[in-house]
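Colleague: The structure follows.
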Amino acid sequence: MEPITSLNYGNNTVFVYESTGDLKAAAIDHIAQYAVDVVAQKSIFSMALSGGSTPVGIYKGLVGKKWFTTFPWQQSHFLFGDERYVPHDHEQSNYKMAMEAFLEAAPVSNDHIYPVPTDCEHPDDCAEIYERQLKEGLKGQQQADGLPVIDLVLLGMGDDGHTASLFPDTDILNESESAVAAVYVDKLDSWRISMTFPLLNMARQVMVLVSGEAKSSVLADVLRSQQIKYPIQMLDNPNGMLWFVDQAAASQLQQR
């Protein structure tokens, strides 16, 4: 699926698709082909999954007819960019969503799936455990500052400019050492556990999915502004950022 246009903003490449359906189709193809290419280079592929509604269709597409037999399932490791502090069978669990969308149907080994623990006495304990699990499970991956370099991180963007569980005005934005941290989000009255910028900014590739006109003004501000106004602008991956957006989300970008 080809974009109707592509735009460049510094280190950000923005692919604009006519519809959300086209965006998802393009993202499926990109993820699957990238996984194949990575495994051809080094025999292991690691991917951090995103929560939210848009990724569900993408995950389902990975186990669809087009890519099911081609995707390197047995060489792939699936992580979670963030998680709600709820049981894994809870309706709001990102793990539950990903399992039902594609991981249960995929021929991937259970020990290659890394759910965020959510049964600790305190969310901080779960964050520490998850960081240790990632370091141990991906110790064969390239390391940087003792942390694994994830091949692909899939992210979304909220209408407040948050990504993963990195929300505005939260302490986790200032984390400079830990790869995973817990954060209490006041406006949601809930705890989250999230990968932090030190880990996200070392990934080999970062994809951000944005759809819908409701996010168009924030998207334009994020990409055009020279000032850090939103958490997602703190993503500073040296390999650049790939944005997959639909025409509605890009409407204010295309008015320039």
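Colleague: What's the number of the condition Leu173 fails, among (1) in a loop (DSSP other than H, G, I, E, B); (2) under 23 Å from Trp243 (Cα atoms)?
Modeller: The single condition Leu173 does not satisfy is (1).
Colleague: To continue, here is another question. Let me spell it out: the conditions are (1) touching a residue at least 60 places away in the same chain (Cβ under 8 Å); (2) of a type outside the set (Asp, Glu); (3) more than 18 Å from Leu199 (Cα to Cα); (4) out of contact with any His (no Cβ under 9 Å at 6 or more places or on another chain), and Ala40 meets all of them except one. Which number is the exception?
Modeller: Answer for Ala40: the failing condition is (1).
Colleague: For segment 17-61, how many residues meet the condition of being open to solvent by 40 Å² or more (accessible area, probe 1.4 Å), outside any helix (DSSP H, G or I), modelled with pLDDT of 95 or more and among the small types (Gly, Ala, Ser)?
Modeller: So the answer is 1.
Colleague: Find the residue count for segment 232-256, including only residues that are in contact with a Ser or Thr (Cβ under 6 Å, 6 or more places away or on another chain) and touching a residue at least 40 places away in the same chain (Cβ under 8 Å).
Modeller: Qualifying residue count for the region: 3.
Colleague: Residues of segment 118-133 being free of Cβ contacts under 8 Å to residues at least 24 places away in the same chain and either crowded, with 19+ Cβ neighbours inside 10 Å or of a type in the set (Val, Ile, Thr) (or both), which ones?
Modeller: Hit for segment 118-133 is Ile129, nothing else.
Colleague: Something else about it: More than 21 Å from Ile58 (Cα to Cα), modelled with pLDDT of 95 or more and not in a loop (DSSP other than H, G, I, E, B), is that true of Cys126?
Modeller: The answer is yes for Cys126.
Colleague: Can you list residue pairs whose Cβ atoms sit under 8 Å apart, with the first residue in segment 209-224 being more than 18 Å from Pro3 (Cα to Cα) and among the acidic types (Asp, Glu) and the second being open to solvent by 10 Å² or more (accessible area, probe 1.4 Å) and not in a helix (DSSP H, G or I)? Count only pairs 6 or more apart in sequence or on different chains.
Modeller: Asp221/Lys229; Asp221/Tyr230
Colleague: If you take the residues of segment 134-179 that are hydroxyl-bearing (Ser, Thr, Tyr) and open to solvent by less than 10 Å² (accessible area, probe 1.4 Å), which of them is nearest to Val36 (Cα to Cα)?
Modeller: This residue is Thr163.
The values are calculated or read from the model by the stated rules, or taken from the named source; none is laboratory data. Computed from a prediction, not measured in an experiment: that's the story for all the values here. Heads up, the Cβs are rebuilt from the backbone with ideal geometry, glycines too, and the neighbour counts pull from every protein chain shown. We work out accessible area using only protein heavy atoms, side chains counted, and drop any ligands, DNA or RNA first. Shrake-Rupley method; radii C 1.70, N 1.55, O 1.52, S 1.80 Å.
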